[in-house]
1. Rounded to a whole number, what % of the accessible area of chain A do carbon and sulfur atoms account for, probe 1.4 Å?
2. What net charge do the residues around residue A:61 carry, taking every other residue with its C-beta under 15 Å from that of residue A:61, with Lys and Arg at +1 and Asp and Glu at -1?
3. Angle between the Cα long axis of helix A:200-215 and the longest principal axis of chain A, 0 to 90 degrees, nearest 10?
4. Find how many whole Å separate the alpha carbon centroid of segment A:1-57 from the alpha carbon centroid of segment A:284-350.
5. Mind checking the angle between helix A:156-188 and chain A's longest principal axis? C-alpha axes, 0 to 90 degrees, to the nearest 10.
6. With every protein chain left in place, what is the accessible area per residue of segment A:1-66 in square angstrom, probe 1.4 Å?
7. Is segment A:69-119 rounded, prolate or oblate when judged by the Cα gyration tensor, a ≥ b ≥ c being the square roots of its eigenvalues, rounded requiring a/c under 1.5 and prolate requiring a/b larger than b/c?
8. Considering only DSSP beta bridges where both residues belong to chain A, give the percentage that are antiparallel (nearest 5).
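The values are calculated or read from the model by the stated rules, or taken from the named source; none is laboratory data. This is a predicted model, so every value here is computed, not measured. For neighbour counting, all protein chains shown are included, and Cβ atoms are generated from backbone atoms with ideal geometry for every residue, glycine included. The accessibility values were calculated without ligands, DNA or RNA, using every heavy atom of the protein model including side chains. Shrake-Rupley method; radii C 1.70, N 1.55, O 1.52, S 1.80 Å.
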Amino acid sequence: MSLPKRYVLVIAEKPRAAAKIAEALGAGSKLTIGGIPVWIGRFRGRDFVIAPTAGHLFTLHTDEKGFPVFNYSWGPRWVYEPGSKHLAKFYDALRRLSPNAEHYINACDYDIEGSVIGYNIIRHLGDVTRASRVKFSALTKEDIRKAFEDPQPLDWGNIESGLARHVLDWIWGINVSRALTRIYQKLSGERATLSAGRVQSPTLIELVERYVEREAFVPTPLFTVSVKVLCGGKEFTLTNGFDPFRRQEDARRLAKVLRSKKLVVKSAEKRVVSLAPPPPFNLTELQLEAARVFGYSPARTLEIAEELYLRSLISYPRTNSEKIPPTVDNSQILQRLTGLPEVGAYASELLRRGLLVPREGPGEDPAHPAIHPTGYLPTRELGREESNVYELVVRRYLASFYPSSTVEELVYTIVEPETGTEFRLAGRRVVSQEWLRVYHYRKVTALELPALRTGEEVPVTSVEVVKLYTRPPPLYTKATILRWMESVNIGTEATRAEIIEKLFERGYVRGSSINATELGLEVAQILGTLFKEITEVELTRELERKLREIAFGKVRRESVIEEAVSKLRPKLEEVKRVLSDSEAEELKRRLGLSAGLRCRVCGRDSVGEEDGVPLCQLHLRAYRNLKEAYAAWREGTGVGFEEYLETLSRLPKLGRLVKEVVAYLRNSVR
DNA sequence: GCAAGGTC
């Protein structure tokens, strides 16, 4: 079949969506244009051609070198972006289809980016005065047909808002990246491509901050007692019902009392706790769980999920939703899943028990449901990683239909009668497994306790004074920094993992427990000093507020962009001026990156002095922590300053920055 | 070359 003379051109965001739309509209004949699948059909008396893009076909670009740069325009991505040559054929197909279209319908995902993707194509290749928007939130026949029966005018609010997002991210990102690259080159003499952006920079700062916090952390000692008792012929370690002591003496005194006295069961409490099943996955939760269970990086998990999606085994993975809408036929999916080895039995059980309503989580997504199995079974053997992630998704989906598990907890409160010091001994038993059987990645470990009566004496077998040290928060991993990004709402489902990888590629961070590199520390300092805004999550909040105002027509896109330009331009010009007429040393001073002296500890530029000692930003922090922590040490153990330093220097896990300051202080005393 | 956002 060949193309009709005139037709309505429907633009879908991706080939799979185009196929779904074609099916729903009964557009049965398919042909390919330059390798791109296109569907033809009639709907309500008109000829339709349905054609896909593959996400954004256009991008912002400029021919100008250097900074500041505020002249940009939209152009085809395949021309301007390396690695996007595959888009040329989508571009060609749409360019060839556009001239004979009497009308255009933007049928991309119903979100802001979808509005921009379709708008840019119609604007550059077609005619926006003959265009409509269709809105459907699920790729089901009913939703699609309903949307096409009632096409709407183009959604200008979303389009304007989306265009502004692109432009603002571009002018901030490109300008600050270029300025940063030039500054670093002048300061270090090294050529490296550096980058900064609204999402990557606050993420880098968070990683650097956590790294520095740990390296500059000074542990302080705490003292507690470890008590073992004999119950029913078995030895148990009690849980203390009190906080550790700051003074060693207090712990020793308590230990002495406990060794000489009897412990008595004060009360026994039994309670039944119910554990609700988890909701089906959104992408973040899948990435976190795959990291926890299998150790996969978030980027790898997305890659695997993408593959499973392309094989029709699971639904679209780039979603924030934790809900399965009623349009999804759960009983049909379960019916098909009964054919799976092992987990198939759970699907049968759900059908037999009539458990067909999954638990919902709070996550929402305008375009897609939670990640769930489609019910299609693997036709050929899956690789190990694919099979792991597939099973994770299936088990999670199945678990979400099950009732809560119930766990019985038994808690004894055990007391030393004279001082009233309380301890706890807690046991638990799973009464009904329910979803825990299916989702075996979560375990509730049972601990059986003997029966004890209230008032019963419990013999103490050992009491020890234990010295603990305060600890800094753990370094981030790829999975935990991803969770942080989601919690502060920067980046999107589709981009977060990629942006984390970018920080590694640039050489800003390294390690599976994420450390900052020298380069990362320097970039953080330059950005924090000169472009503070781009290092803060607040920039995104501000952006979102403005984008909402644009979407509601309260403010024009141009004025929001002008405002950003007027804020950025003077900063960039100042940096440029200083760059062109200063040498490296003077540059540092004029940009506030150096106070002119060298850090006594490491020889880097100092940012200030403490007790007459010039120190860099990092060692200054460690130095101050060291002075502050000494007060707690003296109070807790009565050590003198030199002994304090000596004890610290022998701690195996002491942070690097503190270790260096300790070594410096011990040497300079000598 | 630099962003962040789509998708393959």
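1. On the way: 15130 of 31540 Å².
For chain A, the apolar C and S fraction of the accessible surface comes to 48 percent.
2. Numbers: positive: A:65, A:77, A:178; negative: A:63, A:64, A:81, A:169.
Spelling it out: positives minus negatives among the neighbours equals -1.
3. 10 degrees
4. Taking the Cα centre of segment A:1-57 as reference, the centre of segment A:284-350 is 29 Å away.
5. 60 degrees
6. Working: 2890 Å² over 66 residues.
Per residue, segment A:1-66 has 44 Å² of solvent-accessible surface.
7. On the way: a/c = 1.74, a/b = 1.27, b/c = 1.37.
Verdict is oblate for segment A:69-119.
8. Details: 65 of 78 bridges.
Taking every DSSP beta bridge within chain A, about 85 percent pair in antiparallel fashion.
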